[in-house]
Structures are given as structure tokens and as C-alpha cells.
């Protein structure tokens, strides 16, 4: 769906009067920021009843957390029945609401002054009085936007993040808050990774919207890069492209066979030959580990969709090659993830079979492309967009 790119040089109430540039410089991944009335008069994109309904669906990830005399309890959805709204101390968490609701997706994309590669999902929690998930920390950045009711947030930048053992949740063993704030609808709290926090609902109509960001570990990035390089080798020489091998990128010639002519007879036949070990290591110097291969892994991985992403194509989508309507625009479906790097284009975990012409880059950045801009695209790109329209990845808005 259409998403204007935030002006990174203009102050915005969303960040308490800071420009996105100032926020990224002074707060991002550094320290918390409390913003009163980040969205004045805020009305959540969904109701508490809508969240309960989502939690009943098999393809939606949801969790129910309760806390009482018997301690903490964690259950995973779907939930055909929830505790009564008058029962205190329970919280329902529903992940990736942005995949199921256009207004929620539009809300999340107000934060696109941060790269789509980092933006993850919109989670919504609804809680009764006293409900929460306990004092904890996350490994990712998060904006906590109050939707309904009130929630008390206590936060700490403490270094001690040891956990209580044996619990179904990661609860801090010694939480020492240094800030204590009550958030009303429209208020928002930004927390960097590892900031300790505890949110407790005040009243039975509490809704909090969490805009979360993915933070890959070095191990994840290293493994993905090596997998992409390995898939390219397989595609080039073993007729097995794997996930990251198609289309095939230019690569080294590794067709030569191992040779060991002149090797003397051995008295230790079970020992691996040093020459074979050395020759194996030498092949690594030929493997392509560069920007193009890294982009191949990141582009496909970061645009891959969870199983809960469902598309609903139009019954008779327009055929752009046959003629572009006089007015209107192309828009990406709320579930579609479209990214690019240099000349490579990635959509929903796939590699587009053509280079990233400027029009495609504009579509990815703005998530929409006006009719006049569509008319400037090449016939090959229009043919590709027709395929995406058929899949429901794109829509035409009159």
C-alpha cells in the first residue's frame, strides 16, 4: 500500500519534535526516549475485539501470558477462548498485525525513516488490569505506542541482565528501574536493545502497539553469506542452485579435478592426505564473497515472508502491457516486501529476473507508482509487473 517517505529533516511530533536525523544521531540504539502525544488524538487501527479475533486464527502467531499466585504461565495460540475481560493479570500478544490489516501496515510505515531491512513487524498486546510480561529486556529496538487505556512503564539501563531460572518467560532476576512513567493513548516510548523494562496495564482496556526491528547476529549474517556463496557454486558446477543460486551470478571456474600425481605410497592409509586438505583450503580463495553475493543473501532473506502473509489477487487485474489506465497508481500489497541493491531487485524472497531500473526503485521506496511513472517503464518491466498483479503482490488503485 502507498507509504510516503518521511522527511528526515523536518521535526515531527512522532519523535517529540526531533527530526528523524536528530533521533537517529542522538537516540537510536543509544538511549530511551519518551514522547508525549507522539500521535495526538491517536485511534488504534484495530479494536481489542479485532485482536481477539486474530488470535483465533491458525496462521496468526499469538501468545497468552498470565501471572498469579501460581506464578507465570505462557500459552501459544490459536485461542478459541480467552479469559474473561474482568479477570486481572493476563496479556494477549499478537504478532505481525501489519500483515493482516492495511491501517496497521500504514501505521508501521510511519517509521520508514529507518531502513525496511531493519523494520520487522507490528505486534499488539491487549491486557487486563495488572497484565504484563514481567521485567525483561529485548535484543532489538522497539517503539511502544499506547493505543487504549493506560500502561505503567518502568525502565532501566542497568548492566545486570541475569534472569530468573526455570520460568517460561525471560524475567530479570534483579530489576532496578530508574524511570517510571504512565503512558496514555498517543504516548510512545522508544527503547534501544537491552534496555530493561516492565509494562503493567492499568485497567482492563489496555492496548499497546509495538513497532519492532530485526537485529541479526553476526553468526546469522556469516552463515547466510556462506550459504549464498555455496548455492552459487552448486548452481554453476553441480546443477543444484539451492535457495540463493538462481539466477546464477558470474563466478570462478571450479571444474578442475583434484590431482595428486607423484604422491608416494603411504604407510598410514587412514590418515587424510595433507595435500588434499591443503587443496581444499585453496579453493576458498576462489570463492566469491563480495557485495553482490551478500546482497543476494540479504535481499532474499529480508524479503521472505512468514506463513501468515496471505495475498488476495483481484479477480481481473489490469494487464499493463495491453494499456495503462489514464489515471491511478500501482501500490504494493500490505504484505509485499520489495527491496533492491545496486542492480538486483528482491520481492517476497525471490530475485526479480531483471535489473533495478529507476521506476522499480521508486516503487520500492514509495510503495506506490503513479500512472505517468508506470508509462515510462520498459516493456520487460511491465511484463514483470503484470505477473506481480496476478499474484496479488501489487494492486491497481483507480
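What follows is calculated from the coordinates using simple rules that are stated; it is not laboratory data. On a predicted model such as this, the values are computed, not experimentally measured, just so you know. Cβ atoms come from the backbone with ideal geometry, glycine included; neighbour counts cover every protein chain shown.
Work out, in µm²/s and without decimals, the Stokes-Einstein translational diffusion coefficient of the chain at 25 °C, 0.890 mPa s, Rh from Kirkwood over C-alpha pairs.
102 µm²/s
Using Cα atoms only, what is the angle between the long axis of helix 379-391 and the major principal axis of the chain, expressed in degrees (0 to 90) to the nearest 10?
Its long axis makes an angle of about 50 degrees.
Which of 80, 63, 161 ends up with the largest GNM mean-square fluctuation for the chain, with Cα atoms connected below 10 Å?
In the Gaussian network model the winner is 80.
For helix 218-237, what angle does its Cα long axis make with the longest principal axis of the chain, in degrees from 0 to 90 and rounded to 10?
So the helix axis and the longest Cα principal axis differ by about 30 degrees.
Relative to the first principal axis of the alpha-carbon coordinates of the chain, what is the inclination of helix 291-303, with its axis defined by its Cα atoms, in degrees from 0 to 90 and to the nearest 10?
Approximately 40 degrees, to the nearest ten.
From Cα pairs below 8 angstrom and at least 6 apart in sequence, can you work out the relative contact order of the stretch 89-156, rounded to a whole percent? Write out the running numbers ahead of the final one.
Details: 54 pairs, mean separation 28.2, N = 68.
41 percent.
In nm, to one decimal, how far is the residue 226 label point from the residue 274 one, both placed 7 Å along Cα→Cβ?
Label at residue 226, label at residue 274, 2.5 nm between them.
What do you get when you divide the Cα radius of gyration of the stretch 13-213 by 2.2 N^0.38 Å, with N the number of residues?
Taking the Cα Rg and dividing by 2.2 N^0.38 Å, one obtains 0.98.
How big is the shadow of the Cα convex hull of the stretch 232-313, averaged over all directions, in nm²? Write down the numbers at each step before the final one.
Details: hull surface 36.3 nm².
In nm², the orientation-averaged hull projection of the stretch 232-313 is 9.1.
Would you kindly state how much longer the chain becomes between residue 284 and residue 362 on full extension, computed as 0.36 nm times their sequence separation minus their alpha carbon distance, in nm to one decimal?
That pair, residue 284 and residue 362, stretches by 24.3 nm at full extension.
Using only alpha carbon pairs under 8 Å that are at least six residues apart, calculate the relative contact order of the stretch 218-288 and give it in whole percent.
Numbers: 45 pairs, mean separation 18.7, N = 71.
Reported as a whole number, the value is 26 percent.
At q = 0.23 Å⁻¹, what is the log10 ratio I(q)/I(0) for the stretch 145-263, with the Debye formula run over Cα points and no solvent?
After summing over all Cα pairs, the log10 values are -1.29.
Given the DSSP H assignment, sum -39500 (n - 2.57) over each helix run of at least 4 residues in the chain and divide by its residue total; what's the result at 222 nm in deg cm²/dmol, nearest 500?
Rounded to the nearest 500, the figure is -6500 deg cm²/dmol.
For the chain, set up a Gaussian network in which alpha carbons nearer than 10 Å are linked by springs, and say which option among 314, 195, 270 fluctuates the most.
Its mean-square fluctuation being the largest, the pick is 270.
Which of 131, 71, 359 ends up with the largest GNM mean-square fluctuation for the chain, with Cα atoms connected below 10 Å?
In the Gaussian network model the winner is 71.
Per 5 Å bin, what percent of the C-alpha pairs of the stretch 301-398 does each bin hold, from zero upward?
Spelled out per bin, shortest first, that is 2, 14, 26, 28, 19, 9, 2, 0.
What is the distance in Å between the Cα centroid of the stretch 43-107 and that of the stretch 217-259?
Going from one Cα centre to the other spans 42 Å.
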